[in-house]
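Reviewing the structure listed below.
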Amino acid sequence: TQLLEQSPQFLSIQEGENLTVYCNSSSVFSSLQWYRQEPGEGPVLLVTVVTGGEVKKLKRLTFQFGDARKDSSLHITAAQPGDTGLYLCAARPDSWGKLQFGAGTQVVVTP
Amino acid sequence: EPEVTQTPSHQVTQMGQEVILRCVPISNHLYFYWYRQILGQKVEFLVSFYNNEISEKSEIFDDQFSVERPDGSNFTLKIRSTKLEDSAMYFCASKRGAANSPLHFGNGTRLTVT
């Protein structure tokens, strides 16, 4: 069973600052997904990365999949209070396997 | 945009009672899942369901748990005799079926066992 480790566990920053959160494992993944979860709601998909070295951008969010497909990062530029939430990475060991989640990084952006 | 819907949003039950959590997955999706999240802990996989049968289950999904797709739209999770440690948010998810396709989650049912 692969273990997804997310760091940091908690991040509090001021509006306008940049931040990066990380998702690491010793296992190789077929794909990796980032979700955001707000209190009382289910995880909402942000992005799926499949190819080693892949970089995807979603407005101010930049996602990168490691060359070896074992790790990923999420970078937020000029964070806004609306970016506050629990950021979860999730991955499968193969294309059809179960999706397993990391413990998440709680991001708080204060005005 | 189509979404996964779950009912009820909150269920309170006494230890030892049976509960049924209900989900309506997105209509053209073929794969269905239940996950749970104990307060303050990570989202944990329980079971996946495809073609009217369980395709994979975790060690959490013991004999007290069962899933069913009684008709073309509903997907249920039953816990036969609830325990205090079953208290958690239970999320239903579905996906269309392509390899590596993302899961779409409902907003969950908060189960409180007293």
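Numbers for the structure displayed
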| quantity | calculated |
| --- | --- |
| Residue in the range B:47-70 that is touching a His at 6+ places or on another chain (Cβ under 7 Å), among the β-branched types (Val, Ile, Thr) and closer than 22 Å to B:PRO8 by Cβ present | no |
| Test: A:THR62 is under 25 Å from A:SER27 (Cα atoms) and at pLDDT below 95 | no |
| Failed condition for B:THR82, given (1) more than 26 Å from A:GLU38 (Cα to Cα); (2) in a strand (DSSP E or B); (3) modelled with pLDDT of 95 or more | (2) |
| Unique residue being on the phi < 0 side of the Ramachandran plot and out of contact with any Gly (no Cβ under 9 Å at 6 or more places or on another chain) when the list is A:GLN37, A:GLN33 | A:GLN33 |
| Number of the condition not met by A:VAL21 [criteria: (1) within 23 Å of B:TYR33 (Cα to Cα); (2) buried (at least 19 other Cβ atoms within 10 Å of the Cβ)] | (1) |
| Residue within the range A:80-93 that is farther than 21 Å from B:SER101 by Cβ, away from chain B (no Cβ under 14 Å) and part of a loop (DSSP other than H, G, I, E, B) present | yes |
| Count - residues of the range B:23-56 that are crowded, with 16+ Cβ neighbours inside 10 Å, away from chain A (no Cβ under 13 Å) and either in a strand (DSSP E or B) or under 11 Å from the mean Cα position of the chain (by Cα) (or both) | 1 |
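The values are calculated or read from the model by the stated rules, or taken from the named source; none is laboratory data. Here the structure is a predicted model, which means the values were calculated and not measured. With ideal geometry, Cβ positions are generated from the backbone for all residues, glycine too; neighbour counts draw on all protein chains shown.
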